[in-house]
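Everything on this sheet refers to the single structure shown next.
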Amino acid sequence: MRDGYVVAVVGATGAVGRQAVGLLEARRFPVRELRLAASPRSAGKRVDGHPVVALSEEVFEGCDIAIFDVPDEVSREWAPRAASRGVVVIDNAATFRLDPDVPLVIPEINGPRVLDRPRGIIANPNCTTATFLMPLAPLHRRYGLRRVVACSYQSVSGAGQAGVEQLWRELRAAAERGEPLEESLGSAFSHPIVFNVIPAIGSVRDGGHTSEELKAQAESRKILEHPTLEVGITCVRVPTLLGHGVAVHATFEQTPDLDEVREILRAAPGVEVVDDPRSGRYPTPLGAAGRDPAYVGRIRFDGAGNLAFFVVADNLRKGAALNAVQIAETVVALQPGLRPQPARA
């Protein structure tokens, strides 16, 4: 047992929770005691050798930091309960992202905001928002962002394990039949996803927007502290397993210089430029899977005078688990009062 913090991962048996557990170890976060919690039906399972218990008040007794990856309704009940015990809560649900008393944080962009948390909760952004803001934020600081028009290409893992299972099930069925499917073979998507794209993610809201699109709009304004930013986005589900891509067309107060844009992005933390399309080098979901950076390429001016690029990131890592662990790292780096505890004798 080493010196460090008592860390809980709530929702530890899900895809993001499992990633968070692995990343805490891989990045050598100073954990003295790791507690894994999930729903009662998952109690007794193990993740990376660690036992999983049912979520309860006892999980947060003496806990320093808790990473939540649970449905919104579970977050709404349990995140404040954990925070009331003095736990620093890092929440991946949408529940508190737009709460004015809850910072919405991408550490490379607005890391110091972790210290401004009146409710004791720090929110993790939506995976699509995190993906396209990684390159947009440093460009905004240089040129002044006015407007973003984007289209996302989101993998089935963004819908959880049910989305992954539906893609595989439909792929096998389509191969056996030798033709595309006419019916959905799962609960994640109402249309077949294999050999198809679905231009709606989340529930449909007023004005024809989907909930995923509204998240991207509102979260971008909050993270960039740019309340008048114009954001237009269409979110599309595509039949890839991992990695969300976003085609971005951005307008700035100052006209960007393409050579300088590439230099800014090469220097930006968490961003990697892959931009030699003549040689077939540009970002792809497969190239981003299992890796930490947001990969940016196809950098150019479009026919309408906007700066255009394509960015891809692993939605389970930078889009969720990695960002949460980075938030925890930022908290312990910036908050001297949160001291690591000595190992037990």
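Every read-out reported here was derived from the displayed coordinates using simple, explicitly stated rules and does not represent laboratory data. Treat the numbers as computed from the prediction; the structure is a model and nothing was measured. All Cβ positions, glycine included, derive from the backbone under ideal geometry; neighbour counts span all protein chains shown.
For the chain, what does the helix formula give at 222 nm: sum of -39500 (n - 2.57) over DSSP H segments with n ≥ 4, over the residue count, nearest 500 deg cm²/dmol?
Computed mean residue ellipticity for the chain: -9000 deg cm²/dmol.
Work out the charge dipole of the chain with +1 on the Cβ of Lys and Arg and -1 on the Cβ of Asp and Glu about the Cα centre, then indicate which of Ala267, Val197, Leu185 is farthest towards its positive end.
About the Cα centre, the residue reaching furthest to the positive side is Ala267.
Would you please give the residues with an amide H less than 5 Å from that of Asp91, counting only those at least 5 places away or on a separate chain, with H modeled from the backbone geometry?
Residues meeting the amide H criterion: Phe68, Ile122, Ala123, Asn124.
Got a sec? Which residues in segment 17-45 would a label at Ser187 touch, if it sits 7 Å along Cα→Cβ and we count backbone N under 16 Å?
Taking a point 7 Å out along Cα→Cβ of Ser187, the residues of segment 17-45 whose backbone N falls under 16 Å are 39-42.
Using θ = phi - 60° and the Karplus form 6.51 cos²θ - 1.76 cosθ + 1.60, what ³J(HN,Hα) does each residue of segment 272-289 get, whole Hz, x for Gly and Pro?
Couplings: 10, 8, 10, 9, 9, x, 5, 9, x, 9, 7, x, 9, x, 4, x, 8, 4 Hz.
Mind giving me the nanometre distance, one decimal, between the label points for Glu33 and Val197, set 7 Å out from Cα along Cα→Cβ?
5.0
Which residues in segment 148-164 have a backbone N closer than 17 Å to a point placed 7 Å from the Cα of Lys45 along the Cα-to-Cβ line?
Residues 157-164 fall inside that zone.
When all C-alpha to C-alpha distances in the chain are sorted into bins of 20 Å, what percent of pairs does each bin hold, rounded to whole numbers?
P(r) for the chain, in whole percents per bin: 30, 57, 13, 0.
To make sure I understand, if each residue's beta carbon is the centre and we count other beta carbons within 10 Å, what order do Arg85, Arg117, Arg266 fall in, fewest to most?
Ordered from fewest to most neighbouring Cβ atoms within 10 Å, Arg85, Arg117, Arg266 come out as Arg266, Arg85, Arg117.
At 0.36 nm per residue, and after removing the present C-alpha to C-alpha distance, how many nm does the segment from Gln335 to Arg205 gain when stretched out fully?
42.8 nm
Which value, in debye to the nearest 20, describes the size of the charge dipole of segment 57-169 about its Cα centre when Lys and Arg Cβ atoms bear +1, Asp and Glu Cβ atoms bear -1, and nothing else is charged?
Values: 12 positive and 14 negative charges, 167 e Å.
In debye, rounded to 20, segment 57-169 gives about 800.
What does the charge count near Lys318 come to, summing +1 for each Lys or Arg and -1 for each Asp or Glu among other residues with Cβ under 12 Å from its Cβ?
On the way: positive: Arg291, Arg317; negative: Glu108, Glu272, Asp292, Asp314.
Local net charge: -2.
List Lys45, Lys318 from most exposed to least, where exposure is judged by having the fewest other Cβ atoms within 10 Å. Please list the in-between numbers first.
Numbers: Lys45 14, Lys318 26.
Ranked by crowding around the Cβ, least crowded first: Lys45, Lys318.
Which residues make up the longest stretch of the chain clear of GluC sites (Glu not before Pro) that lie in a DSSP loop with no more than 13 other Cβ atoms within 10 Å, not counting the sites? Walk me through the intermediate numbers first.
Details: sites that count: Glu61, Glu182, Glu183, Glu225, Glu253.
Formally, the longest exposed-site-free interval is 62-181.
Using 19 Å as the cut-off for backbone N distance, which residues of segment 286-326 belong to the label zone defined by a point 7 Å from the Cα of Arg278 along Cα→Cβ?
297-302
For Gly4, which sequence-distant residues (separation of 5 or more, or a different chain) have an amide H within less than 5 Å of its own amide H, given hydrogens modelled in the peptide plane?
When sequence neighbours closer than 5 places are left aside, the close amide H contacts are Arg32, Gln341, Ala343.
Principal axis extents for segment 156-208, Cα atoms only, whole Å, descending order, please.
Sorted from largest, the Cα extents of segment 156-208 read 41, 21, 13 Å.
Grab the beta carbon distance between Ala304 and Asp99, set R0 = 30 Å, and tell me the FRET efficiency rounded to 0.05. Walk me through the numbers on the way to the answer.
On the way: r = 36 Å, r/R0 = 1.20.
After rounding to 0.05, the efficiency reads 0.25.
So who's got an amide H within less than 5 Å of the one on Thr210, skipping anything under 5 residues away but keeping other chains? H placed 1.01 Å off N, in plane.
Placed amide hydrogens put Arg205 under 5 Å from Thr210.
Can you compute 3J(HN,Hα) from phi for each residue in segment 210-218, using the Karplus curve 6.51 cos²θ - 1.76 cosθ + 1.60 with θ = phi - 60°, rounded to whole Hz and x for Gly and Pro?
These are the phi-based 3J(HN,Hα) values: 9, 4, 5, 5, 5, 4, 4, 5, 5 Hz.
Based on other C-beta atoms within 10 Å, arrange Val261, Val53, Val9 from fewest to most.
Working: Val261 23, Val53 18, Val9 32.
Listing Val261, Val53, Val9 from fewest to most nearby Cβ atoms yields Val53, Val261, Val9.
Stokes-Einstein D for segment 60-157 at 10 °C, 1.306 mPa s, Kirkwood Rh over Cα pairs, in µm²/s?
So the translational diffusion coefficient is about 108 µm²/s.
If I model segment 1-99 as equal point scatterers sitting on the Cα atoms and use the Debye formula, what is log10 I(q)/I(0) at q = 0.16, 0.23 Å⁻¹?
-0.60, -1.28
With a Förster radius of 51 Å, plug the Cβ-Cβ distance of Ala54 and Ala267 into 1/(1 + (r/R0)^6) and report the FRET value to the nearest 0.05.
The computed FRET efficiency comes out at 0.65.
Please compute the net charge surrounding His50, taking Lys and Arg as +1 and Asp and Glu as -1 over other residues with Cβ under 13 Å from its Cβ.
+1
Roughly how many nanometres apart are two label points built 7 Å out from the Cα toward the Cβ at Arg76 and Asp257?
Reported label-point gap for Arg76 and Asp257 is 5.1 nm.
Work through the residues other than Val16 whose Cβ is under 13 Å from its Cβ and net out their charges, Lys, Arg +1 and Asp, Glu -1.
Working: positive: Arg18, Arg317, Lys318; negative: Asp69, Asp91, Asp314.
With Lys, Arg at +1 and Asp, Glu at -1, the neighbours total 0.
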